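One structure is given here, and the rest of the page talks about it.
Here, each number is a calculation from the coordinates, and none is a lab measurement. No experiment lies behind these values; they were computed from the predicted model shown. Note that each Cβ is placed from the backbone with ideal geometry, even for glycine, and that neighbours are counted across all protein chains shown.
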Amino acid sequence: MKLRQWQSRCIDQAVMQLSPQSPHFFCQATPAAGKTRMAAGLALALLKASRIDLVICFAPSRQIVAGIQSTFADVLGRRLDGAIGAVGATYTYQAMPFLDASFWQLLDEYRVLAVFDEIHHCAGGDPVMSNRWGQEIIQRVQDRAAYTLALSGTPWRSDERCIALARYSNPQGTLVCDYRYGLEAAVRDGACRSPRIVLLDNQQVRLELQERQTRETREFGSVGCLLRESPVTYEDLLHHEDIMGQLLNLAMKKLAEVRSHVADAGGLVVATDVEHAHLIASYLARMGEDSMIVTYRSPDAQKRIEIFRHGKTKWIISVGMISEGTDIPRLQVCCYLSRIRTEMYFRQVLGRILRRRKNNDNHAWLYALAEPMIKCFAKRIADDLPSELAVLSKLKEEKGKPEENTCQASHEASHQLRDTSRLEGERHEEEGETTPSPSVKWMEVYFSQQYRQQLLAIY
């Protein structure tokens, strides 16, 4: 079994550190670095040393479970499907409350390595502050499994609660990781592509709106100003035909460039909802680009992802399906059109295009709108564990000075926005958006030719 250097080092450290007195190991490795293969390698080392009898893995989705089963079977040479003859089993966190007492009895009768992938989904520390998944781990696994291994690429929670099985220093409350492998090291070692994040802004935005019987025109010098000082929302802009087209055009141009030397390179578009995904697919089709849609509503979602993974279709458009743990190495370009604005989700999506497979695919490209929070997240990508997220305290927004390069668009476009009285309730004060006045009955936004691209090149 060929391992990367960081995987071998992590396994060696875990084998030395794990003991009856110190049965837990926490590994933070940047998304796409190969955490699952490292975990399988550790399981193999412990099995060969006769330190464990069984391996049980838990993950947040069926898709990740399938990936774990495949990787562990490849590394161990034995199945992890829970059937007769298997070396263990893999389950989703959702399934934990429904496993019967005879299953949990295995932890008392055998020496079990319990692996928890994307452990940040499980809030723990004490029964009061834990979520349901965290409670299951605390009550049923902690202090019963021979060893536990927790994995995460983004080890923090937006609700300020502790992560199950994690240790925090006192009095600072800083997360303590037994092994950490960051993005800079992964890029340097050739484990991950170097990310290039392009943020699209506009210097001359005009908003026309009618409030009661009065019609007025306002002008803004950036997308951030528009969102901060008007009733227009981030989601409105994601549905704006010109904004959507500009971002997709940039991504299409880059993917064409990449495919000139990586023939099967693919692109990912993260959409806001199912309707939005179909709008995107229609636009790509008009531009002569083939695409595939996969959403949480798709009954054959896993099959479609597998077809795309091994095929040559240019684009896959996702709604709630391709983020953490999804392994499609040929993805190299991403267009971020999701309304979700959390640092964890943004980093997990970026991770989908970072996994390297060839010597000539050194870079990954992500295109997004220059919304203030997205800009903040993008500028902090080089910080693998932002200090204010690594401790149990609220996230403080960073504000940076823009460093844009100007590019010209071919036309000025307008877009009729929805009546604000019917907009979905997705505006949260913590996301920096103002609540529109119910008296605003009509709005129209015009974007000039003065589009700007801010390129953030990491490593």
- Theoretical gain in end-to-end length, E208 to V262 [0.36 nm per residue, Cα-Cα removed]: 15.0 nm
- Message: Quick check on the range 5-181: take the gyration tensor over C-alpha atoms, sort the square-rooted eigenvalues as a ≥ b ≥ c, and tell me if it's rounded (a/c under 1.5), prolate or oblate.
- Response: rounded
- Once amide H atoms are placed 1.01 Å from N in the peptide plane, what residues at a sequence separation of 5 or more from R355, or on another chain, have their amide H within under 5 Å of its amide H? R193
- Using +1 on the beta carbon of Lys and Arg, -1 on that of Asp and Glu, and nothing else charged, what's the dipole of the range 106-200 about the Cα centre, debye to 20? 280
- When the dipole is taken about the Cα centre of the chain, and only Lys, Arg (+1) and Asp, Glu (-1) are charged at their Cβ, what size is it in debye, to the nearest 20? 1480
- Normalized C-alpha radius of gyration of the chain, against 2.2 N^0.38 Å? 1.04
- Lys/Arg +1, Asp/Glu -1 at C-beta; the chain dipole; positive extreme among W133, M16, G320: M16
- Note on the structure: Quick calc, V274 & Q13: beta-carbon distance into FRET formula, R0 41 Å, rounding 0.05, result 0.40
- Note on the structure: Lys and Arg at +1, Asp and Glu at -1: neighbours of D117 with Cβ under 10 Å from its Cβ sum to -1
- Query: Going by the alpha-carbon gyration tensor, a ≥ b ≥ c the square roots of its eigenvalues, is the range 235-379 rounded (a/c under 1.5) or, if a/c is not under 1.5, prolate (a/b greater than b/c) versus oblate?
  - Reply: rounded
- Percent relative contact order for the chain, counting Cα pairs under 8 Å at least six residues apart, stands at 18
- Note on the structure: With a ≥ b ≥ c from the Cα gyration tensor eigenvalues, square-rooted, and the rule rounded for a/c under 1.5, otherwise prolate when a/b > b/c and oblate otherwise, the range 115-210 is oblate
- PRE zone check, label point 7 Å out along Cα-to-Cβ of E306, amide N under 19 Å, scope the range 324-364, hits 325-331
- Query: Where does the charge balance sit around K254 when Lys and Arg score +1, Asp and Glu -1, over other residues with C-beta under 14 Å from its C-beta?
  - Reply: +2
- Query: Modelled label-to-label distance, L456 and D74, 7 Å Cα→beta-carbon offset: nm?
  - Reply: 3.1
- Query: Using 0.36 nm per residue, how much length does the chain from S22 to E216 gain when fully extended, once their Cα-Cα distance is taken away?
  - Reply: 63.2 nm
- Round to a whole angstrom and tell me the spacing of the C-alpha centers of the range 131-207 and the range 85-128. 20
- Query: Lys/Arg Cβ at +1, Asp/Glu Cβ at -1, dipole of the chain taken about the Cα centre: which of L47, A378, T295 is farthest positive-ward?
  - Reply: L47
- Message: Give the separation of the Cα centroids, the range 218-263 to the range 305-367, in Å.
- Response: 18
- Output the peptides 54-67, 150-163 sorted from most to least packed, where packing is the average of other Cβ atoms within 10 Å over each peptide's residues. 54-67, 150-163
- Could you calculate the FRET efficiency of F98 with A45 from 1/(1 + (r/R0)^6), where r is the beta carbon distance between them and R0 is 30 Å, rounded to 0.05? 0.45
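Only sites in a loop by DSSP and with at most 13 other Cβ atoms within 10 Å count here; which chymotrypsin sites (Phe, Trp or Tyr not before Pro) in the range 248-335 make the cut? Intermediate results must be reported in sequence, preceding the final value.
Values: sites: Y283, Y296, F308, W315; in loops: Y296.
Passing both the DSSP loop test and the Cβ count: Y296.
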